[in-house]
Amino acid sequence: MKILKVLGTFALAAVLAISANAAEKKVKWKLAMTWGQTLSPFTDAVHGMADMVNKMSGGDFVITIDAANKHKAPFGVFDMVKLGQYDMAHSASYYWKGKDINTLPFTTMPFGMTAPEQYAWFYYGGGMELMQEAYAPHGILAFPGGNTGNQMGGWFRKEINSLEDLKGLKMRIPGFAGEVLAKLGLTVTNIAPGELYTSLERGTIDALEWVGPGMDIKMGFHKVAPYYYTGWHEPATELQFMVNQKNFDKLSDRNKEILRVAMRTAAYDMYIQNYHMSGDAWATMATEYPNIKIKTFPKEVMDAMKKANEDLLSDYAKDKPLLKKVLDSQKAYMLKSRVWTQMSDYLYLKDNL
Ligand code: CA
């Protein structure tokens, strides 16, 4: 009897020790998104990733997600991860070009790689290593976070037949592509997403770009601007997961791998989800608004945009060795992989449309 009691005490002590250990091992992380609560498919990628981490770790690694309305700083997430206020974030690398120009090329570049080419570059062509080199000074690890695929060039109220037609046009187009168009004489503005539809409807702006049919349809632009131009400026917009390096280093090897696999799976899933959404949305738009016209920019416009892009890039890369190294790597990789894209997808599609 006495022996049993002693054994029981031991057993209880052992159980308590194990559960205390389990409680210690439970990892709770916080993630900040640049986006609001619901912006499909961006926010789906984040929730999908956190859900995978939770399930794969058997509930030992839990990531809670704060949308921009909670943390109040959509473009403050870089600093919040850097300072360790959040363990990780979901955003887009090209938003940080004002903080550190070396982060610019890791989202997409005008006239750059398509999504399959760019994924090949990231995972097998040295892109990931270059991205870590760019983020290392900030104590941040960066990972691909979901791709929109080729974005559309935007909704225009009037048809563009020449370079002259672009001059003086007011367009919402953010970032580097906006700088390219400014060189062609456009007035580039950045208007809050909530005001875009009204601005386009009232003619405060003549054109805007957003993403592609899947995300554009909810904005309603097709109801007020019938010319839908094909893309040139964001051929493979990759979102990003940023992770605080110190907190990542503290994870067990198992949790590191779980996180890595979940981020990679979520990124790929967003790419195909957006593909699905765009096919679906375009079918609806084309049926309900048969007056929408799909256009490509005339050759003289494309040539001028390409030239402005090249000039701007060489200005930017001047005296910036790491930026130059990344841009050179992308260019070389694109030249090589594009030959294969042409032999495989392009020639296949050309004869089968
Ligand atoms: Ca866009």
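The values are calculated or read from the model by the stated rules, or taken from the named source; none is laboratory data. Owing to the predicted nature of the structure, the values given are computational and were not obtained by experimental measurement. Here the Cβ is made from the backbone with ideal geometry for all residues, glycine too, and neighbour counts use every protein chain on show. The accessibility values were calculated without ligands, DNA or RNA, using every heavy atom of the protein model including side chains. Shrake-Rupley method; radii C 1.70, N 1.55, O 1.52, S 1.80 Å.
Between region 111-143 and region 237-278, the alpha-carbon centres lie 13 Å apart. When the trypsin sites (Lys or Arg not before Pro) in region 103-174 are filtered for DSSP coil states and for at most 11 other beta-carbon atoms within 10 Å of their beta-carbon, the remaining sites are 167. Taking every DSSP helix (H) stretch of at least 4 residues in the chain, weighting each as -39,500 (n - 2.57) and dividing the sum by the residue count yields a mean residue ellipticity at 222 nm of -15500 deg cm²/dmol. Cα centroid separation, region 294-353 to region 159-180: 19 Å. Once the 1.4 Å probe is applied to the protein heavy atoms, the chain comes out at 50 Å² accessible per residue. Charges on Cβ only, +1 for Lys and Arg, -1 for Asp and Glu, centred on the Cα centroid of the chain; of 174, 115, 27, which one is farthest towards the dipole's positive end? Of the listed residues, the answer is 27.
Suppose a student asked you for the relative contact order of the chain, using Cα pairs under 8 Å spaced at least 6 residues apart; what percent would you report? Mind showing how you got there, number by number?
On the way: 540 pairs, mean separation 79.8, N = 353.
Reported relative contact order: 23 percent.
Keeping the other protein chains in place, figure out the carbon and sulfur percent of the accessible area of region 156-233, with a 1.4 Å probe.
Details: 1540 of 3200 Å².
Reported share for carbon and sulfur atoms: 48 percent.
Given the whole protein assembly as supplied and a 1.4 Å probe, what does the accessible area of residue 316 come to in Å², nearest 10? Result for residue 316: roughly 40 Å² accessible. Rolling a 1.4 Å probe over the protein heavy atoms leaves residue 44 with an accessible area of roughly 60 Å².
For 232, 210, the ranking by accessible surface with the largest value first comes to 210, 232, using a 1.4 Å probe. Gyration tensor analysis over the Cα atoms of the chain returns equivalent ellipsoid semi-axes of 44, 23, 20 Å (largest first, whole Å). When the surface is traced with a 1.4 Å probe over the full set of protein chains, residue 314 keeps roughly 70 Å² accessible. Here region 162-305 is assigned +1 on the Cβ of each Lys and Arg and -1 on the Cβ of each Asp and Glu. Its dipole about the Cα centre then comes out at about 320 debye. Can you tell me which lysines have their Cα less than 26 Å from the Cα of residue 318? Leave out same-chain residues fewer than eight positions away. The qualifying lysines are 97, 99, 183, 306, 307, 331, 336.
Using +1 on the beta carbon of Lys and Arg, -1 on that of Asp and Glu, and nothing else charged, what's the dipole of the chain about the Cα centre, debye to 20?
Values: 40 positive and 37 negative charges, 194 e Å.
Dipole size: approximately 940 debye.
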